[in-house]
Structures are given as C-alpha cells and as structure tokens.
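Down below is the structure, laid out as structure tokens.
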Amino acid sequence: MSKKKTILDLQQMKERGEQAAWMVIYDSCMASFAEEAGMDMILVGDSMGMIIYGYEGTVPVTMDMSIAHCQGVRRGAPNTYIIGDMPFGSYQSSCEDAVNNAVRFIKEGGVDAIKLEGGVAVADRIRAISNAGIVVFGHIGLTPQSSAAMGGFKVQGKTTASAKAVIEDAVAVYRAGARTLLLEGVPEETAAYIHRILPIPVYGIGAGSDCDGQVILAADALGVYKNFTPKFAKKYCNLGEIATQGMKEFIDEVKTGVFPAPEHKYKFTGDRDEFASFLAEYEKNLEL
Ligand code: KIV
C-alpha cells in the first residue's frame with residue numbers, strides 16, 4: 001500500500017510532469033476500492049446532492065451531510081488524500097463562517113484539504129481559510145453551486161471576454177493562497193493558458209488534457225448515475241447494468257425458492273428431540 005500523499009507530493013507531481021488521477025466518491029465501500037486501485041486523491045463532492053440524495057443540483061447539500069460522507073470515505077480510505085467540498089451556504093456569508101466550516105471538515109470530517117467554488121468573489125474566503133492553516137483547492141469555470149446565476153450548467157471561457165474572466169478568477173484564487181486549482185467546463189485553450197501561468201497544480205474536469213491531472217465522478221466513470229452523463233465524462237464500466245442484472249436474479253431466486261440455498265443457512269446445533277418436545281409444549285399454551 002502506498003503512503004498517503006501530502007500537498008507537497010501533489011506539488012512535486014506537477015513539477016515532475018506526473019498526472020494526478022482523482023475521483024469524486026461519497027461512501028466508504030467505493031473509497032476502499034479507490035484506495036486499492038491506487039487513486040491519488042478522493043473528493044467528497046457536493047454532487048452527492050444529485051447522485052446520493054436525488055436532488056436536481058448541489059444547493060440543498062448541508063454541512064452535516066458533507067461531514068458524515070467525509071467520515072465514511074476516510075474510514076474506507078485511511079491512506080488516501082481526501083478533499084472535502086464546502087457546500088453552498090457554508091462559506092458565502094462571511095470569512096468567519098468559511099473558516100469555522102473549513103475547520104469542521106478537517107476536525108470532524110478527517111479530510112486533508114477543502115475545496116470551494118468561485119474566483120475573485122471568494123478570494124477573501126480562500127485567504128482566510130488558508131491563513132487558518134488549511135489547504136484550499138480552488139474551483140472555477142463551470143461552478144455548479146452558482147449554475148442558477150450562470151443560467152444553467154454552462155461551459156465558461158469559450159470567448160475572449162469569458163476566458164478573461166476565468167483567467168482573472170484563476171489568478172485571484174492563486175494569489176489568495178489556494179494550493180491547487182480545479183478547472184471545470186472550460187475549453188482546452190483557456191485551461192492550457194492557466195496551466196502555463198500558475199505555479200500550483202491545475203486539475204481539470206471537462207478542461208482538456210493540458211492540466212496536471214484529471215478528476216471524474218465515480219458515478220459517471222463507473223456507470224452508476226443514469227439521469228445525465230456530461231460530454232467530458234468517460235464510462236469505464238457499467239456498474240448500473242451489473243447491479244440491475246444482479247437484482248433481477250435475486251428477485252427470481254427468492255420467488256422460485258432457489259435462494260437461500262443450504263450454504264446460506266445457519267445450522268441448529270442443539271438436541272433435536274429436546275427442541276421438538278419444547279416446541280410441542282410451548283404451542284399448547286400459545287395464544288396469538
Ligand atoms: O462535487 C463534485 O462532484 C465536484 C466535481 C464536479 C469536481 O465538485
């Protein structure tokens with residue numbers, strides 16, 4: 001088993017030109033698979049709102065939900081670098097709130113770093129959390145928590161004016177003290193420029209190849225989420241199909257009496273005659 005990474009390892013990976021692979025995961029079982037597979041990092045993303053809780057977006061996710069999922073992921077992957085995703089409402093109102101909630105992620109959630117969405121507008125929050133000694137991952141471009149303000153889940157930085165805004169966000173996040181930056185839903189040309197100018201690791205999800213690594217939702221990559229698959233996601237297997245097939249077989253075997261088979265049953269080890277006379281006696285006085 002490889003040693004748990006630190007933020008310095010992530011920085012060195014960038015400097016060596018080694019790509020980092022990370023997945024968005026919300027539970028202990030999946031986290032243990034990721035650790036076994038050698039995943040560099042796990043993000044406990046607020047996309048849990050859609051994938052786990054069936055909401056239409058990420059906005060309803062709360063601090064308590066996020067912390068509970070971080071704890072589960074940490075138990076499943078004790079040696080993996082884990083990032084907690086600050087939910088909508090946990091850092092918007094003040095720097096004090098932002099620091100208090102980031103501290104909860106570290107102390108209660110057991111994560112190594114936090115991620116929050118936004119650029120210029122949240123630079124003071126990033127600075128305050130960083131000054132509290134907590135590693136911050138920035139997240140700009142298509143930021144799902146503000147999709148309503150963006151008019152939907154829209155790719156950002158497709159024109160020069162829009163790219164300028166994304167680049168300014170990137171610079172603001174870096175200057176505020178973020179130790180890495182995640183670009184979501186940004187054309188490769190815009191991402192490549194940001195990757196070229198920033199000295200910190202720049203990761204992508206829907207931002208092309210010119211980054212220091214890639215993140216994907218396990219639910220998309222493993223075929224768990226049926227409602228929607230973004231253009232940038234690749235499906236590596238189809239757990240959904242396998243699960244449905246397994247469930248159909250279970251239903252069929254229960255209805256036909258094939259399951260449980262002898263190997264799934266516990267054995268009675270007492271004296272059978274004694275048991276039979278106990279039952280007969282018991283039944284004489286039984287009133288239902
Ligand atoms: O919550 C999430 O899944 C994310 C990814 C889009 C990176 O923030």
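The values are calculated or read from the model by the stated rules, or taken from the named source; none is laboratory data. The structure presented is a predicted model; accordingly, all values stated were derived computationally and were not measured. Reconstructed Cβ throughout: ideal geometry from the backbone, glycine too, with neighbour counts over all protein chains shown.
Numbers for the structure displayed
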| item | result |
| --- | --- |
| Count of residues meeting criterion [out of contact with any Cys (no Cβ under 8 Å at 6 or more places or on another chain) and within 15 Å of Leu116 (Cα to Cα)] in the stretch 176-198 | 8 |
| Given (1) more than 27 Å from Ile52 (Cα to Cα); (2) β-branched (Val, Ile, Thr); (3) touching a strand residue (DSSP E or B) at 6+ places or on another chain (Cβ under 9 Å), index of the condition Thr160 fails | (3) |
| Hey, Ser209 surrounded by fewer than 17 Cβ atoms within 10 Å (Cβ to Cβ) and within 12 Å of the ligand (Cβ to nearest atom) or not | no |
| Subset of the stretch 22-64 (residues that are charged (D, E, K, R) and in contact with a helix residue (DSSP H, G or I) (Cβ under 9 Å, 6 or more places away or on another chain)) | Asp27, Glu35, Asp40, Asp46, Glu56 |
| Residue within the stretch 177-189 that is more than 20 Å from Arg125 (Cβ to Cβ) and either hydroxyl-bearing (Ser, Thr, Tyr) or within 16 Å of the ligand (Cβ to nearest atom) (or both) present | yes |
| Residue in the stretch 79-88 that is at pLDDT 95 or above, outside any helix (DSSP H, G or I), touching a Lys or Arg at 6+ places or on another chain (Cβ under 8 Å) and surrounded by fewer than 17 Cβ atoms within 10 Å (Cβ to Cβ) present | yes |
| Qualifying residue in the stretch 92-110 (condition: assigned by TED's automatic domain parsing to the domain that holds Cys29, of a type in the set (Ser, Thr, Tyr) and in contact with a strand residue (DSSP E or B) (Cβ under 7 Å, 6 or more places away or on another chain)) | no |
| Selection count where residues are closer than 20 Å to Gln71 by Cα, touching a Pro at 6+ places or on another chain (Cβ under 9 Å) and basic (Lys, Arg), scope the stretch 1-45 | 1 |
| Test result for Tyr174, within 19 Å of Cys211 (Cβ to Cβ) and either touching a His at 6+ places or on another chain (Cβ under 8 Å) or surrounded by fewer than 20 Cβ atoms within 10 Å (Cβ to Cβ) (or both) | no |
| Test result for Val155, in a loop (DSSP other than H, G, I, E, B) and touching a residue at least 24 places away in the same chain (Cβ under 8 Å) | yes |
| Test set (1) surrounded by fewer than 22 Cβ atoms within 10 Å (Cβ to Cβ); (2) within 16 Å of the ligand (Cβ to nearest atom); (3) hydroxyl-bearing (Ser, Thr, Tyr) - Tyr203 fails condition number | (1) |
| Verdict on Phe137 being aromatic (Phe, Trp, Tyr), surrounded by fewer than 16 Cβ atoms within 10 Å (Cβ to Cβ), under 26 Å from Ala218 (Cα atoms) and within 15 Å of the ligand (Cβ to nearest atom) | no |
| Residue identified as within 13 Å of the ligand (Cβ to nearest atom), buried (at least 22 other Cβ atoms within 10 Å of the Cβ) and assigned by TED's automatic domain parsing to the domain that holds Pro201 among Met48, Met65 | Met48 |
